[in-house]
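Below is one structure, written out as structure tokens; the observations come after it.
Computed from the coordinates by the stated procedures, all read-outs in this text should not be read as laboratory data. All figures in this text were calculated on a predicted structure; none of them were measured in a lab. Here the Cβ positions follow ideal geometry from the backbone for every residue, glycine too, while neighbour counts run over all protein chains shown.
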Amino acid sequence: MSELNSIALKILSKGQGILAADESTSTMTKRLESVNIPSTPKNRLIFRQTLFSSSSMSSCIGGVILYDETIKQKVSDNKSVPELIQSANSVPGIKVDTGAKVLANSLKEKITEGLDGLRDRLKEYYKFGARFTKWRGVYNITKDHPSKLSIHSNAHALARYSAIVQECNMVPIVEPEVLMDGNHSAQDCLIKTSEVIKKCFEELILHKIDLTGLILKPNMILAGSTSDKKIESTEVAKLTINCLKSSVPSEVPGIAFLSGGQSELEATENLNLINKENNTNFIMSYSYGRALQQSALKHWSKDINDVDGTQKVFNHRAKMNTLAAQGKWSKDLEN
Ligand code: 13P
């Protein structure tokens with residue numbers, strides 16, 4: 001087993017998943033301001049530190065994706081944020097893309113940037129303790145999108161990123177997110193997501209990526225957020241598994257879904273059914289941002305010193321998702 005493969009398995013084994021706490025400062029500012037908390041470096045740290053020192057970290061959270069600001073912060077004079085995460089036997093990771101920018105010659109689409117200087121940044125992040133990384137490409141579904149140009153260029157960037165990350169002995173999370181925005185059908189989402197993922201693996205193979213040492217972070221197959229043709233969770237599970245079975249090479253050890261705007265309950269219920277139906281060899285777990293943090297953030301914002309209460313809310317969500325990652329969740333456990 002390669003070192004990269006064992007890191008990927010350590011993060012996702014036994015129902016563990018990933019806490020995506022890598023919101024950029026501008027995204028985190030939106031989240032904090034939505035609950036009337038000023039977005040200062042200190043407040044961003046207090047919230048994140050509260051989550052990272054929760055008891056569910058060691059049982060449920062195999063890895064945490066951090067943002068550049070957070071990986072460099074200290075929780076005390078002699079303990080850094082990555083050391084806090086490691087002390088719970090969880091693996092620190094880092095978002096390394098620099099965001100999605102307008103794609104030249106297809107101005108309604110985006111291309112993710114961040115390859116310039118990446119090797120040097122990775123060496124620095126490795127020293128801070130990061131052992132895995134994240135890069136997110138985004139795709140919109142409309143009548144004309146995603147275009148071949150966006151599918152190709154984002155896959156190319158994801159592959160170049162993955163090659164440099166593996167060279168630096170870290171596991172790349174490859175995140176091609178087909179957005180939920182729009183009124184497209186689940187069938188449209190299935191067709192476009194399959195095309196996007198297949199192109200990613202074509203490029204990853206061309207760039208000689210060790211497929212046993214990466215984690216795929218895809219969207220689930222859902223109808224668009226404004227579509228009136230919503231589908232049942234059982235159908236989400238069936239379509240999602242079919243999509244991944246036909247587009248992901250069998251060497252890939254693990255898939256960790258993003259929540260992408262689903263409610264906390266939807267994200268848990270869908271993940272649970274995916275695992276109940278999972279007839280593949282892929283581990284299917286979670287790498288949730290909003291679907292792990294929303295209720296905890298709301299609770300915390302009422303009293304930012306209520307560490308125990310906030311952790312209780314977070315522990316519950318983490319536990320529910322870890323059960324769902326094993327197909328062992330049921331709705332009555334929510335109470
Ligand atoms: P959400 O689960 O909130 O979609 O965030 C996951 C993520 O990391 C998006 O890049």
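Within region 50-96, track down each residue that is away from the ligand (no atom under 15 Å from the Cβ) and of a type in the set (Lys, Arg).
If the condition is that a residue be away from the ligand (no atom under 15 Å from the Cβ) and of a type in the set (Lys, Arg), then Lys72, Lys74, Lys79 are the ones that fit.
Exactly one condition in (1) within 20 Å of the chain's Cα centre (by Cα); (2) more than 24 Å from Asp116 (Cβ to Cβ); (3) β-branched (Val, Ile, Thr) is false for Thr142; which is it?
Tallying (1) within 20 Å of the chain's Cα centre (by Cα); (2) more than 24 Å from Asp116 (Cβ to Cβ); (3) β-branched (Val, Ile, Thr), Thr142 fails exactly one: (1).
Give the number of residues within region 241-256 that are farther than 20 Å from Ser13 by Cβ and within 15 Å of the ligand (Cβ to nearest atom).
Count: 0.
State all residues of region 23-44 that are buried (at least 16 other Cβ atoms within 10 Å of the Cβ) and closer than 27 Å to Ser285 by Cβ; if no residue qualifies, say none.
Result: Glu23, Met28, Arg31, Arg44.
Looking at Leu122, Leu118, Leu149, which is the one that is away from the ligand (no atom under 16 Å from the Cβ) and either more than 16 Å from Glu167 (Cα to Cα) or surrounded by fewer than 12 Cβ atoms within 10 Å (Cβ to Cβ) (or both)?
Details: Leu122 fails: either more than 16 Å from Glu167 (Cα to Cα) or surrounded by fewer than 12 Cβ atoms within 10 Å (Cβ to Cβ) (or both); Leu118 fails: either more than 16 Å from Glu167 (Cα to Cα) or surrounded by fewer than 12 Cβ atoms within 10 Å (Cβ to Cβ) (or both).
The unique qualifying residue is Leu149.
Please report, ordered by residue number, the helices (runs of 4 or more DSSP H) entirely within region 97-211 with at least 2 residues that are of a type in the set (Asp, Glu).
On the way: elements: 118-128, 148-167, 186-206.
Of the helices (runs of 4 or more DSSP H) lying wholly inside region 97-211, those with at least 2 residues that are of a type in the set (Asp, Glu) span 118-128, 186-206.
Residue check: is Ile304 over 15 Å from the mean Cα position of the chain (by Cα) and within 16 Å of the ligand (Cβ to nearest atom)?
Details: over 15 Å from the mean Cα position of the chain (by Cα): yes; within 16 Å of the ligand (Cβ to nearest atom): no.
Answer is no for this residue.
For region 75-114, give me the residue count where each residue is within 20 Å of Ile61 (Cβ to Cβ), within 19 Å of the chain's Cα centre (by Cα) and of a type in the set (Gly, Ala, Ser).
2
For the condition without any contact (Cβ under 8 Å) to a residue 40 or more places away in the chain, within 15 Å of the ligand (Cβ to nearest atom) and in contact with a strand residue (DSSP E or B) (Cβ under 8 Å, 6 or more places away or on another chain), what is the one hit in Ser285, Ser259? Give the steps one after another, and end with the answer.
On the way: Ser285 fails: without any contact (Cβ under 8 Å) to a residue 40 or more places away in the chain.
None of the others qualify; the one that does is Ser259.
Condition first: more than 15 Å from the ligand (Cβ to nearest atom) and crowded, with 24+ Cβ neighbours inside 10 Å. Now tell me which residues in region 288-301 satisfy that.
The one that is more than 15 Å from the ligand (Cβ to nearest atom) and crowded, with 24+ Cβ neighbours inside 10 Å: Trp300.
Scan region 311-323 and give yes if some residue there is within 13 Å of the ligand (Cβ to nearest atom), closer than 18 Å to Ala20 by Cα and touching a Leu at 6+ places or on another chain (Cβ under 8 Å), otherwise no. Step through it out loud before you land on a result.
In the first step, residues of region 311-323 are kept if they are within 13 Å of the ligand (Cβ to nearest atom); the result is 317, 321.
When the remaining residues are screened for being closer than 18 Å to Ala20 by Cα, the result is 317, 321.
Filter once more, so that each one left must be touching a Leu at 6+ places or on another chain (Cβ under 8 Å): 317, 321.
Looking for residues that are within 13 Å of the ligand (Cβ to nearest atom), closer than 18 Å to Ala20 by Cα and touching a Leu at 6+ places or on another chain (Cβ under 8 Å), one finds at least one in region 311-323, hence yes.
Of all helices (runs of 4 or more DSSP H) completely enclosed by region 1-90, which ones contain at least 3 residues that are closer than 16 Å to Gln293 by Cβ?
On the way: elements: 3-12, 25-33, 41-52, 56-60, 68-71, 81-87.
Hits in region 1-90: 25-33, 41-52, 56-60.
For the structure I just gave you, tell me whether His184 is surrounded by fewer than 22 Cβ atoms within 10 Å (Cβ to Cβ) and not charged (D, E, K, R). Break it down stepwise before answering.
On the way: surrounded by fewer than 22 Cβ atoms within 10 Å (Cβ to Cβ): no; not charged (D, E, K, R): yes.
Considered against the rule, which asks whether it is surrounded by fewer than 22 Cβ atoms within 10 Å (Cβ to Cβ) and not charged (D, E, K, R), His184 comes out as no.
Out of Ala296, Ala318, Ala267, report the one residue that is over 17 Å from the mean Cα position of the chain (by Cα), closer than 27 Å to Val178 by Cα and of a type in the set (A, V, I, L, M, F, W, C).
Values: Ala318 fails: over 17 Å from the mean Cα position of the chain (by Cα); Ala267 fails: over 17 Å from the mean Cα position of the chain (by Cα).
Criteria check complete, one pass: Ala296.
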